[in-house]
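Student: One structure coming up, written as C-alpha cells, with questions to follow.
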Amino acid sequence: MDIKTIGDIISEYVNGIIILDKEEKIIWSDDLYKEISYEKEILGKKFSDVFSIDLNQIKNSTINNLSGKKYKIKCKTIKDGEEEYTLVIIGEITDFNNKDTKIYCLEKIIDSINDGIIISNYEGRIVLYNKSQEKLEELSSKEVVGKFLWEGYQSKPELSEHQKVFKTNTPIIDKYQAHSYKGGVAKYVSYSTYPIVKDGETIAVYSVCKNESSLQALLHETLELKRKLYSKSKYNEKNYQKNGTQYIFTDIIGDSSVMVNLIKESQTMALVNSPILIVGETGTGKEVFAQSIHNFSKNNKEAFVDINCSAIPENLLESILFGTVKGAYTGAVDQAGLFEEAGKGTLFLDEINSMPILMQSKLLRVLQEKKVRRVGGINSIPISCRIISAVNEDPQKAIKEDKLRQDLYYRLAGVSLYIPPLRERKEDIVTTIEFFINKYNKMLNKNIKSISKELREVMIDYKWPGNVRELEHVIENIMIRTTDTQTELKILDIPHYIREDMIGSISIDKVQKSQHGLPDILRSIEKELILESLKKNNWNISRATKDLGIIRQSLEYRMKKLKIEKPKE
C-alpha cells in the first residue's frame, strides 16, 4: 500500500504520526512535528537529526518543546511484504483534547480524593473502587472489582441499590447505611447514588461515599471538651430555642467510654437524613439525644416537633399527626398535623410501641408514600421531615408481643441507637450526681460541695430503675431538706420513704449476690446509718435519736448490740 495512503488513514484517528524507512529517514509525517522542531521540512531527513534522539533509545521517551509542552514518543515496526517501516507516534501529554489524557487525569483524581467512589456497570458488576472507598469499608479493590455488587458485599441481587437506580434512573440522596462487614462489625458510610446517562440511556451507576471521619473527630473532640466543661460548671437554666428544642450534645451528662462513644455515634447519624430509632428505658434521656441529633444536623434551623404516643387517646392521635379538614367531624377545623408542622425538620415519635396497631398501619403508609392526608380530606400533602422515634423496651420483644409492627420497625429503624440504663454505666452515676448538685445549688441557693462516702456507695449500688430522671428526683428531694450551712450530703438526708426503697432494694440485691444472709446485711446497713447520724451530730445521742426517728433507749440498745463506741479523743 502507498505510504502516503497509510499515513493519511492513521492520522484520521491519531495525531503526531511519522513514518520512517529502513535507514530511519522520514518518508511521511503530519504537521505535529512543527510544534517540536524548528525544521520547515523534515522529509528525507534522519529522525535522530531532527529530534536529537536515537530510535533505539525511544522506548516511551518524553521530550519537551521550548514552550514547555511535553510529548511522549512510541515506535512500532510494521512490514508490507518485504518492505519494513517504523511507525513513530508522538502524543502531547498535556493535551486535554486527548481522551487518554483526560481519562488518566480523572482516574488519578478519583483515586486521590477523600470521598469514596464506586461505579457499577449495567450488569451490576463493580468496575471502579477507589482508595478512599477501600479505607471507608476496609475492603480491597482486588476483592470486589469485577464481581457483582451482591457478591462483593455478600448481599442479595434484589437488595442492590445500584441496580434499583439503574432501572429507575432515580438517584438516592444522603443515606447512611452499612454495606460491608469486617469481622462481623458493620461499616457504616454516608453516601449518595446517581445514574450515568449517555445519549438518553443509563450506562452505569456510581456512589459517592463521604469520608467525614476527620471532620467528625474534630467536631466530636470540641463538643466533648465543652460538654465536660459545662457539666462541671454551674448550672445555667436555658430557654427553648426557636426551633422548639432545649438540648444539644453538650447537655448530655456522662464521662464513661460508653457514653462518649454513644455521643460520637449520634453525631454521625445526625449528618445524614435516615430515620433513627432510639431504644432505651424510661428516664435514660431519649428525647435529649433526639433533640441533640436534630441540632447537630444540617436542618437544625427547622422545627423539632415531638409527641408522646402513649399520652394521646387513639381517636385524637390521627388528627394530631395528620391534621384535619373542617367538617370532618363535629368541631373539626382546618388544621395542619404534626407532619406538616415539622416541615423539613424533625418529628420525634416517643414511645412508638404504645401507639395502637391500627394507627401504626396508617403511619406506615404515610412513611412509605411520603405523603399525608388530613382527616376528612381528599388531597395528599408531601412530607419531607426526618423521623426519629423511640421505644422504652426491646423492639424485638415489642414485635413478638404485637405492640410494634415488624414492617413499621424496619421503616423506622434506618439506624438504631441504644442508650444503656444508668446501672450499666456506674461510672456516670457520680458525674450525674455532681451535675444535679450544681444545678440545685443555684436553684435552691445551697452550698453543697460533696457527698459522704456512705451515700456514694448507696448511690452506686442502687439499680436506678428510673435512670437519670429518678436520680435527679432523689437529689432534688435531698437538697431541699439540707440546711443552709451544710456542705456535704449524707444518707440520712434522703427522705425516709425514698431511703427505705433504695436501701431495701440494695439489700435484696446483696442477698441474692452474697453468701451472707439477710440478717447480716441488714445489721451492716443499720450500723452504717447509726454511725453516720452520730458523726453528723457530733456523737450527741439526743440529737441522733431525733435524726433517726427512734427513742434514746432504743438507740443505746442498738449501739451496744452493734458494738458502736464513741472514738477516744
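Student: Could you grab me the full set of residues in the range 296-330 that are out of contact with any strand residue (DSSP E or B) (no Cβ under 8 Å at 6 or more places or on another chain), in a loop (DSSP other than H, G, I, E, B) and of a type in the set (D, E, K, R)?
Tutor: Correct list: K298, K301, K326.
Student: Can you pull out the residues in the range 520-569 that are of a type in the set (F, W, Y) and part of a helix (DSSP H, G or I)?
Tutor: The answer is Y557, and nothing else.
Student: Does any residue of the range 80-87 turn out to be surrounded by 13 or more Cβ atoms within 10 Å (Cβ to Cβ), assigned by TED's automatic domain parsing to the domain that holds L20, more than 60 Å from the chain's Cα centre (by Cα) and touching a residue at least 24 places away in the same chain (Cβ under 8 Å)? First the steps, then the outcome.
Tutor: Here is the first cut: in the range 80-87, the residues surrounded by 13 or more Cβ atoms within 10 Å (Cβ to Cβ) are 85-87.
Within this subset, residues satisfying the condition of being assigned by TED's automatic domain parsing to the domain that holds L20 are 85-87.
Narrowing the set further to residues that are more than 60 Å from the chain's Cα centre (by Cα) leaves 85-86.
If we keep only those that are touching a residue at least 24 places away in the same chain (Cβ under 8 Å) too, we end up with 85-86.
Yes: the range 80-87 contains one or more residues that are surrounded by 13 or more Cβ atoms within 10 Å (Cβ to Cβ), assigned by TED's automatic domain parsing to the domain that holds L20, more than 60 Å from the chain's Cα centre (by Cα) and touching a residue at least 24 places away in the same chain (Cβ under 8 Å).
Here's the yes/no breakdown for (1) acidic (D, E); (2) under 28 Å from the mean Cα position of the chain (by Cα); (3) more than 29 Å from S190 (Cα to Cα):
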position	(1), (2), (3)
I383	no, yes, no
A390	no, yes, no
E393	yes, yes, no
K446	no, no, yes
V468	no, yes, yes
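Student: Of all residues in the range 459-484, how many are part of a helix (DSSP H, G or I) and buried (at least 20 other Cβ atoms within 10 Å of the Cβ)?
Tutor: Step one: filter the range 459-484 for residues part of a helix (DSSP H, G or I), giving 459-461, 467-480.
When the remaining residues are screened for being buried (at least 20 other Cβ atoms within 10 Å of the Cβ), the result is 459, 467-468, 471, 474-475, 478-479.
Residues meeting the conditions: 8.
Student: Taking the range 363-392 only, how many residues are more than 21 Å from G345 (Cα to Cα) and either exposed (fewer than 15 other Cβ atoms within 10 Å of the Cβ) or free of Cβ contacts under 8 Å to residues at least 60 places away in the same chain (or both)?
Tutor: Of the residues in the range 363-392, 5 are more than 21 Å from G345 (Cα to Cα) and either exposed (fewer than 15 other Cβ atoms within 10 Å of the Cβ) or free of Cβ contacts under 8 Å to residues at least 60 places away in the same chain (or both).
Student: Suppose we keep only residues that are within 60 Å of the chain's Cα centre (by Cα) and part of a loop (DSSP other than H, G, I, E, B) within the range 1-36. Which one would you say is surrounded by the most Cβ atoms within 10 Å (Cβ to Cβ)?
Tutor: G16
Student: Scan the range 399-415 for residues that are farther than 20 Å from R365 by Cβ and touching a helix residue (DSSP H, G or I) at 6+ places or on another chain (Cβ under 8 Å) and jot them down.
Tutor: To start, the set of residues in the range 399-415 that are farther than 20 Å from R365 by Cβ comprises 400-401, 415.
Across the range 399-415, the qualifying residue is only V415.
Student: Hey, another quick one. Taking interchain pairs and intrachain pairs at least six residues apart, which have beta carbon atoms under 7 angstrom, with the first residue in the range 152-177 and surrounded by 11 or more Cβ atoms within 10 Å (Cβ to Cβ) and the second among the charged types (D, E, K, R) and assigned to a helix (DSSP H, G or I)?
Tutor: Filtered contacts from the range 152-177: G152/E143; I172/E161.
Student: Out of E143, E123, E137, E107, I need the residue that is in contact with a strand residue (DSSP E or B) (Cβ under 8 Å, 6 or more places away or on another chain), surrounded by fewer than 18 Cβ atoms within 10 Å (Cβ to Cβ) and either aliphatic (A, V, I, L, M) or in the same structural domain as I196 (by TED's automatic domain parsing) (or both). Which one?
Tutor: Result: E123 is the single residue among E143, E123, E137, E107 that is in contact with a strand residue (DSSP E or B) (Cβ under 8 Å, 6 or more places away or on another chain), surrounded by fewer than 18 Cβ atoms within 10 Å (Cβ to Cβ) and either aliphatic (A, V, I, L, M) or in the same structural domain as I196 (by TED's automatic domain parsing) (or both).
Student: Might you let me know whether the range 43-57 holds any residue that is modelled with pLDDT under 85, of a type outside the set (D, E, K, R) and in the same structural domain as T193 (by TED's automatic domain parsing)?
Tutor: No, the conditions are met nowhere in the range 43-57.
Student: Can you name the residue in the range 238-279 that is of a type in the set (D, E, K, R) and not in a loop (DSSP other than H, G, I, E, B) and, of all such residues, is surrounded by the fewest Cβ atoms within 10 Å (Cβ to Cβ)?
Tutor: E265
Student: When G327 is evaluated against the numbered criteria (1) at pLDDT 90 or above; (2) more than 27 Å from F289 (Cα to Cα); (3) among the small types (G, A, S), which criterion, by number, is the only one it fails?
Tutor: The failed condition is (1).
Student: For the range 297-334: of the residues being of a type in the set (V, I, T) and surrounded by fewer than 14 Cβ atoms within 10 Å (Cβ to Cβ), which is farthest from the chain's Cα centre (by Cα)? Give the derivation first.
Tutor: Going through the range 297-334, the residues of a type in the set (V, I, T) turn out to be 305, 307, 312, 320, 324-325, 330, 333.
If we keep only those that are surrounded by fewer than 14 Cβ atoms within 10 Å (Cβ to Cβ) as well, we get 330, 333.
Numbers: T330: 45, V333: 40 Å.
Of everything passing the filter in the range 297-334, T330 is farthest from the chain's Cα centre (by Cα).
Student: To continue, here is another question. Got a sec? Which strands (runs of 3 or more DSSP E) wholly within the range 331-442 have at least 2 residues that are out of contact with any strand residue (DSSP E or B) (no Cβ under 8 Å at 6 or more places or on another chain) and either assigned by TED's automatic domain parsing to the domain that holds V260 or more than 27 Å from K301 (Cβ to Cβ) (or both)? Quick ask: steps written out before the conclusion?
Tutor: Numbers: elements: 346-350, 371-373, 380-382, 386-391, 415-418.
Counting at least 2 such residues, we get no strands (runs of 3 or more DSSP E) at all.
Student: Continuing with the same structure: Exactly one of (1) part of a loop (DSSP other than H, G, I, E, B); (2) closer than 25 Å to R374 by Cα; (3) of a type in the set (S, T, Y) is unmet by T282. Its number?
Tutor: The single condition T282 does not satisfy is (2).
Student: Restricting attention to the range 46-66, which residues are charged (D, E, K, R) and surrounded by 15 or more Cβ atoms within 10 Å (Cβ to Cβ)? Let's see the steps before the verdict.
Tutor: Here is the first cut: in the range 46-66, the ones charged (D, E, K, R) are 46, 49, 54, 59.
Passing the criteria: only K46.
Student: I'm checking my understanding of the structure. Among residues of the range 501-542 that are at pLDDT below 70 and of a type in the set (D, E, K, R), which one is surrounded by the fewest Cβ atoms within 10 Å (Cβ to Cβ)?
Tutor: By that ranking, first place goes to K513.
The values are calculated or read from the model by the stated rules, or taken from the named source; none is laboratory data. Fair warning: this is a prediction, and the values are worked out from it, not measured in the lab. Methodologically, a virtual Cβ is constructed for each residue, glycine included, from the backbone with ideal geometry; neighbour enumeration extends over all protein chains shown.
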